[in-house]
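Worksheet: one structure, shown below.
The values are calculated or read from the model by the stated rules, or taken from the named source; none is laboratory data. All figures in this text were calculated on a predicted structure; none of them were measured in a lab. When we count neighbours, we look across all protein chains shown, and the Cβ atoms used for this are built from the backbone with ideal geometry, even at glycine. Remember, those area values only see protein heavy atoms, side chains included, never the ligands or the DNA or RNA. Shrake-Rupley method; radii C 1.70, N 1.55, O 1.52, S 1.80 Å.
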Amino acid sequence: YVFGKAVNRSSNSYNLVSISAVFLLLYNPYFLLDVGFQLSYLAVLGLIYLYPKIYHLFYVKNWLADQVWSYAALSCAAQLATFPLAMYYFHQFPVYFLISNLLIVLPVIVIMYVGIIFLFIPWPGVLKLMGLGLESSITWMNKGLFYIEQLPYANFSSYQGIAYYFTITVIILGLCIAFQFRDKRMLYISFVLLLLLVSIQSFNSVSTGKKKHITFYTLRKNVAFSFFSGSEAWIYSDLDSADKTINYSIKAAVEASASQVRFMNLKHKIENNWLYSDKNFFMFDGWRMLVWDKEFEHMLPSSPIKVDVLLLTGRPKVVLKDVLKSVEFDELLIDATNSDYHIKRWTDEASALSLNYRVLKKSPAYSITLN
């Protein structure tokens, strides 16, 4: 794109971007399914189309203020173009994106030009000094970004389906067409879709406030599930609360449905109006669950107990016939921490015993709604 603009400034920018995409896709057609490819090209198209329109909304006389507004307009254009897809993939929106983008402009310029010069200098002494400067710039830039990330309300989380974000994309495209061609019909259609989306979101928020449910998450080596009661949620896992999987996957999904989120260790004991947990036993508004892991094999109950769900996790060496002597359950859940061999053996055994079972490894999440 930059090369094309340098050779002939009157070239069609969209054609230049399209040609670069064609070259990459000829090299590897699967780039089309790559998140980085999708977001990069959406960002560039946003800069080409939206940036001039956003920038010309205001005229700033002061040179420095105009530079700040120019970078702010760039950030808004890229963010608006990538917003639906980024939310769909990552379920998070950086609230302070304008501040972070403005703060990294100067370090990025220094890093880019020093890095290019670094490639062409043959003297080790000079390279060492430039390398120290380059390292310092990158370090301070990352520290600034990490600081902004830790600020209160730095991220807005939302966990919606593809239809939701597709509708947002249609609304953004409709508004662009409406303002580009002065088309009132597209403007009305966009506002109707926006009103419909807000209405559905409001209805879901009200209904969620009255709903109680349990959600199990599929993790390859760990176990995690959440209890939801209206706007409150309790996350239980054998992972640490600072683990990336908890923060970027599970917590983002939970915060989309609950405003008050608490993290609990899997063996943490708690007792309140709705939830009771003690080691391997959980009771939530009358619904009962037993987590059968390797530790539980050494503390079997003296008399049979009845639960709604039995969760097999952590590769316990059990036979379902023997399990039924100690536990009576309505549904058997087998999570992804177990090996394929154990899962196959248990599912065959469950089918033979006519037991109701579900393998969590086959789905990203599984929810049980309480009446």
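Would you confirm whether any residue within region 300-318 is part of a helix (DSSP H, G or I), touching a strand residue (DSSP E or B) at 6+ places or on another chain (Cβ under 8 Å) and of a type outside the set (D, E, K, R)? Checked region 300-318: no residue is part of a helix (DSSP H, G or I), touching a strand residue (DSSP E or B) at 6+ places or on another chain (Cβ under 8 Å) and of a type outside the set (D, E, K, R).
Quick check: is even one residue across region 210-233 more than 20 Å from Leu333 (Cα to Cα), without any contact (Cβ under 8 Å) to a residue 60 or more places away in the chain and touching a Lys or Arg at 6+ places or on another chain (Cβ under 6 Å)? Among the residues of region 210-233, at least one is more than 20 Å from Leu333 (Cα to Cα), without any contact (Cβ under 8 Å) to a residue 60 or more places away in the chain and touching a Lys or Arg at 6+ places or on another chain (Cβ under 6 Å), which makes the answer yes. Output the number of the condition that Lys344 fails; it satisfies all remaining conditions of (1) modelled with pLDDT of 90 or more; (2) open to solvent by less than 80 Å² (accessible area, probe 1.4 Å); (3) not in a loop (DSSP other than H, G, I, E, B). Only one criterion in (1) modelled with pLDDT of 90 or more; (2) open to solvent by less than 80 Å² (accessible area, probe 1.4 Å); (3) not in a loop (DSSP other than H, G, I, E, B) is unmet by Lys344, namely (2).
So which residues in region 243-268 are among the charged types (D, E, K, R) and either touching a helix residue (DSSP H, G or I) at 6+ places or on another chain (Cβ under 6 Å) or without any contact (Cβ under 8 Å) to a residue 12 or more places away in the chain (or both), if there are any at all?
Taking region 243-268 as the starting set, the residues that turn out to be among the charged types (D, E, K, R) are 243-244, 251, 255, 262, 267.
Once the filter is applied, which keeps residues that are among the charged types (D, E, K, R) and either touching a helix residue (DSSP H, G or I) at 6+ places or on another chain (Cβ under 6 Å) or without any contact (Cβ under 8 Å) to a residue 12 or more places away in the chain (or both), region 243-268 yields Asp243, Lys244.
For Leu145, indicate whether it is out of contact with any strand residue (DSSP E or B) (no Cβ under 9 Å at 6 or more places or on another chain), in a helix (DSSP H, G or I) and either under 20 Å from Phe83 (Cβ atoms) or modelled with pLDDT under 85 (or both). Yes; evaluated as a whole, the condition is true for this residue.
Kindly indicate whether Asp240 is in contact with a helix residue (DSSP H, G or I) (Cβ under 9 Å, 6 or more places away or on another chain) and open to solvent by 70 Å² or more (accessible area, probe 1.4 Å). Write out each step before concluding.
Values: in contact with a helix residue (DSSP H, G or I) (Cβ under 9 Å, 6 or more places away or on another chain): yes; open to solvent by 70 Å² or more (accessible area, probe 1.4 Å): yes.
In short, yes.
Listed conditions (1) open to solvent by 50 Å² or more (accessible area, probe 1.4 Å); (2) over 32 Å from the mean Cα position of the chain (by Cα) are all met by Ser367, apart from (2). Taking the numbered list (1) of a type in the set (A, V, I, L, M); (2) loosely packed, with under 15 Cβ neighbours inside 10 Å; (3) under 23 Å from Val95 (Cα atoms) in turn, Ala154 passes all entries but (2).
When Ser11 is tested against (1) assigned to a helix (DSSP H, G or I); (2) open to solvent by less than 100 Å² (accessible area, probe 1.4 Å); (3) over 19 Å from Val105 (Cα atoms), only condition (1) is not met.
Looking only at residues in region 180-194 that are surrounded by 13 or more Cβ atoms within 10 Å (Cβ to Cβ) and of a type in the set (A, V, I, L, M, F, W, C), the one that is nearest to Ser259 (Cα to Cα) is Leu194.
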